[in-house]
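Working notes, structure below.
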Amino acid sequence: MADVELNDLIQMRGEWMRGMGPEADIVMSSRIRLARNLGQFPFLTRADETVRGEIERTLRKQVVDLTLGGQLTYFDVNQLEGVDRQFLVERQLISRELAESHGSRGVCFLEGESVSLMVNEEDHLRIQVLRSGFDLDACWSEINRIDDLLEERVTFAFNEQLGFLTACPTNVGTGIRVSVLMHLPALVLTKEIQKVFQALQKISLAVRGLYGEGSQAMGDFYQISNQITLGKSEEQLIKNLRDVVPSIIAYERKVRQALVKESRQALHDKISRAYGTLKSAQSISSEETMHLLSSVRMGVNLGLIDDLPIPTVNELFIHTQPAHLQKLRRSQLDSADRNVARASYLRQRLSTPQPGDQN
């Protein structure tokens, strides 16, 4: 597709940036992914480029014709520049694995960015449904429908005993990965977060950073997901997360309120300084921006900042990432230039209310 269409995405607010949905002050987004492979082709680890090309063409033809209630866009990821691939990672439309892979591969996504279908990632197909806030049931309802639509068109690799067959043994069975992206600044600030990690580990839930496996927890964002799929139904795995997440939400809220009650002045000062730095810095790194925005986002939700809508804050987390900055500037920038451009962008966005910020 033409690069201008990729550039158009910058002007749109993706699903997880909207700041809507249940418990959206703490749960940024809910996501379910399904791993699927075509029965007539080998796993990608055993596929040469010719076979990868056949898989990509077969799936491309099927996914672009799906009726999902909106316009579908398909990108040939192999033809994209590195900055464009990173841009799609930052928007949560593709995984880092797909971006960094090689050969025939693609992504098809729905307008609004709530659905994306990755072709030739680790498996032949990864179906992803994303919802703002804590809404796993809506994710499951939609992804189940998409899976059914695809099963009418293609034959997936399936074994009566094992279930869906996947490239990684941890996904065999349902092929499902259920996750929620949580913003937990108060638990990080009070160092209570380690207790949460230990408790989750005991019940086989994984904790990762903003961009999934292998990524760091920037901006106090943590992705919590199931680790295994074999031997459990989709409903059991979803229920497991649905039962656990409210406890973490309650814990984060309790600690936030305790901070307000016991050290309101110190907390307000920390948040105000973070906001002030973002509005006045002349050069700022991506890591520092995420850290400061995290404090500001908590401040907005606690009523300590009243002139900044949450969707704007959510958007700034993404628009200040390296690839987004370069797309906004329409030029390649080295690290030092990005830091200056990031600071300039933040000053402009935070000093001037943007049209549509209340969306």
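E287: under 20 Å from the mean Cα position of the chain (by Cα) and among the charged types (D, E, K, R), yes or no? Yes; evaluated as a whole, the condition is true for this residue. Identify the residue in region 128-160 that is in contact with a Gly (Cβ under 9 Å, 6 or more places away or on another chain) and not small (G, A, S) and, among all such residues, is surrounded by the most Cβ atoms within 10 Å (Cβ to Cβ). Per the criteria, the residue is L130.
Okay, residues lined up against (1) more than 13 Å from the chain's Cα centre (by Cα); (2) within 28 Å of L98 (Cα to Cα); (3) among the hydrophobic types (A, V, I, L, M, F, W, C):
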| position | (1), (2), (3) |
| --- | --- |
| L181 | no, yes, yes |
| L189 | yes, no, yes |
| K202 | yes, no, no |
| V207 | yes, yes, yes |
| D220 | yes, yes, no |
| L237 | yes, yes, yes |
| V245 | yes, no, yes |
| A258 | yes, no, yes |
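Does region 119-134 hold any residues that are in a loop (DSSP other than H, G, I, E, B) and within 14 Å of the chain's Cα centre (by Cα), and which are they? Correct list: G133, F134. When M20, M28 are checked against the criterion of being crowded, with 18+ Cβ neighbours inside 10 Å, more than 19 Å from R153 (Cα to Cα) and within 23 Å of the chain's Cα centre (by Cα), M28 stands alone in meeting it. Number of residues in region 135-179 that are part of a loop (DSSP other than H, G, I, E, B), closer than 14 Å to S233 by Cα and among the polar types (S, T, N, Q): the value is 2.
In the set (1) touching a residue at least 24 places away in the same chain (Cβ under 8 Å); (2) within 29 Å of L230 (Cβ to Cβ); (3) in contact with a helix residue (DSSP H, G or I) (Cβ under 8 Å, 6 or more places away or on another chain), A47 fails one condition alone, (1).
Any read-out appearing in this document is the output of simple, stated calculations on the displayed coordinates, not a laboratory observation. Predicted model only: the values in this text are computed from it and were never measured. Glycine also receives a Cβ, built like all others from the backbone with ideal geometry; neighbour counts cover every protein chain displayed.
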